[in-house]
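Heads up: the structure comes next, in structure tokens.
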Amino acid sequence: MIMILSRITSSAAAARRHHSSRQTALQAKHLSSKSSTSSSTSKLSTAAAISVVCSLFLLSDPISSAIFGNNEDENNSYWAKELQQEIIGQQNAQKKSSTGSRLRNAHKFCIDDQSPSQQNVDMPKQARIVIVGGGFAGLHTALALAEKMSSLNRGISNVNDGSVTLPPENEYNKIQSGHSTNSWYQWLTRPFIVNKSTSINNHHNQNGNFNTEIILLEANQIGDGSSGRAKGLVVPGFQVPLEDLEKGAVDNDGGGNHWTVPSLLYKLQSILPTQTESHHPRYTKDVVREMYKLSYIALDRLRSIVDLYEIDCGWIESGAVEGSIHAMEEDDDEEEEEESDGCRILIGKEVNELMGRSTSGGNDLYQWGEYDPGCAAINPLKLTIGLANALERWGVRIYEGTKLTSLEKTNAVADESSADSRGKYTLTTNNGSTIQCDHVVLCTGADTLPSDVSRRLEQSFVPIYTWMAATEPLYDECPLKDGVDNDISNKEQGQQENRPAPMCGDDHISLNYWRNNNKDEGRLLFGSLADTFALPDWLISWRLRNAIKEVYPQLGNVRFDHIWGGKLAFAPNSLPLIGRDTDYDDSDRDTNQESQAPKNFSSGVWYATGFAGHGIVPTTMAGSVLANAILEIPDQQQWQIFQTYFPPSSFNGHPYSRLGAGMVLSLYNMWDWAGKKGIPLPALPKLW
């Protein structure tokens, strides 16, 4: 019995030991599994954190600018290809000609038998005024300065009366007889230097130390930037409509508390302690009306420039129509106001008629619209080249392939009585040249300036990419035709037999805009998209095709012969930045006077940028405004309006301005899509 009990006890003990060891093994396995799961989770978290950090690093402004900053240096637009074909045709005709005349490729020429390279070009050591940037803003500023300085030298006190006496034509012929570049490829890839005439060389010595009045520096080539790639819409005003600006005026009903993104940014800046420009005064209705008045004066000046210098830029008084995908806001006085300034409010049917859109199948994209008969269509590249031609006629030297790398005050300024007295500021270029000058005008568009050039402009805007496509020739199938019968254009254009097709656009956040090419082949030039980063070609093509299909469903399978893009400089308030960089002013100058100009403007650093894709006319205005400021023209100091009420913002979301702006654009694009689908969503504040 005892033996039996002993065996049972031993068996029970063995069973307990087995159970205990099994439980221990299970616990160990569970702990191991838990540890493995925890380790995997930790690795995933680490990988996710690294991915986020790397993404934020790559999407930060300095890195993204380096990645996307120089991928569009060459102008591949329809305008460039058209000019290339025109030049080739002229060259072929020239070979058969017995007159011996030689083609000058657009405005480019040299004074030597061989085109100089950048390394052996002698840069001037001194100048009075240096313009940085060869787009519309820089060209117009240089041209206005040249004209006004000539008038002042001839004793004409009223330099704004529109009277300009051009240099003798024979001097211009001397320039044109110089050696021309041989091909469009050289036109785009080789830097060059232009001299006024052989008489200028008398002031030139072997050290390259010669003086001049105005010189212009362009980092790439004239016409390569956004100015030479634009849609070519000539319209006064700014990206922000006058009525929206008036709603935000401090003397408007409600004290200017208009529900817009700029007003929200203004309030945000007012509570940030690091903002130096956050407490600028609020504008009134009279201020913005004066700004718009200046833009209409600039439109007249631009017309006179094209006529005076005989610029063949295909100027056509086409008018413009804009369709709206949103319901019209209630405003009892708006229709009467629009009629009074020559514009007309249109119902959806009239918008479709002017655009050549078919509404069959319920394609009622636009609910209403506006027609402006005062707008024109041009070839922007030819206008850019024509302005450069005009500058060369005045003897302004243009240096291409010359990028500004640093700007600083000159340590010692020479005696004003000396011939070498110019030199308040010292500029250094990418090829190592240095130039001393009295005035610098920064007109660099969406190209980011180094912080040691202008801290004030470095973070004042966000670059926005937009793209255009030129369709294959559509001939009679082109929906936007010249000479279409409609009551609107008949009323405004006097029953012309061949009325030009209007420029078109809509109010998507992505800003669709299009026109025909005003030729018998009937191409449609269609632009759209608004992104803060460059996109691959296949994605651009796909998105442009979807955009054009929404407007013209029958063109869903159309072939694109040309696709190109460019960068636009958008300030947070979408208004141009025009003024004086006070960081370079003397420390003892009184900068607290907001409405009074300093007494002595013998030198200064100025800027004109941020035209937000709406710059053909406003850049003309900016050129005249800055020329008046630099030359101290009495009672013509309107630059102070922009300087006082719309200075550069030091808050644009840096170092994630591109990412932040891209997210905001995506949100508004989603709201546009939902609105077209009939999905009710609360209203967002206006972007401008």
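Quick look at the numbers
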quantity	calculated
Residue in region 632-688 that is surrounded by the fewest Cβ atoms within 10 Å (Cβ to Cβ), counting only those that are out of contact with any helix residue (DSSP H, G or I) (no Cβ under 6 Å at 6 or more places or on another chain) and hydroxyl-bearing (Ser, Thr, Tyr)	666
Among the residues listed as 415, 420, 438, 372, the single one being modelled with pLDDT of 90 or more, surrounded by fewer than 22 Cβ atoms within 10 Å (Cβ to Cβ) and more than 30 Å from residue 574 (Cβ to Cβ)	438
Residue satisfying all of: in region 636-687; of a type in the set (Val, Ile, Thr) and outside any loop (DSSP other than H, G, I, E, B); modelled with the lowest pLDDT among these	664
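Condition check ((1) open to solvent by 40 Å² or more (accessible area, probe 1.4 Å); (2) modelled with pLDDT of 85 or more) across all residues:
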position: 203; (1), (2): yes, no
position: 218; (1), (2): no, yes
position: 224; (1), (2): no, yes
position: 227; (1), (2): no, yes
position: 237; (1), (2): no, yes
position: 242; (1), (2): yes, yes
position: 249; (1), (2): no, yes
position: 262; (1), (2): no, no
position: 272; (1), (2): yes, no
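Here's the yes/no breakdown for (1) open to solvent by 30 Å² or more (accessible area, probe 1.4 Å); (2) at pLDDT 90 or above; (3) more than 19 Å from residue 343 (Cα to Cα):
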residue	(1), (2), (3)
486	no, no, no
506	no, yes, no
512	no, yes, yes
516	no, yes, yes
519	yes, no, yes
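The values are calculated or read from the model by the stated rules, or taken from the named source; none is laboratory data. Quick caveat: nothing in here was measured; it's all calculated off a predicted structure. No Cβ is skipped: glycine too gets one built from the backbone with ideal geometry, and neighbour counts run over all protein chains shown. Side chains included, ligands, DNA and RNA excluded: accessible areas come from the protein's heavy atoms. Shrake-Rupley method; radii C 1.70, N 1.55, O 1.52, S 1.80 Å.
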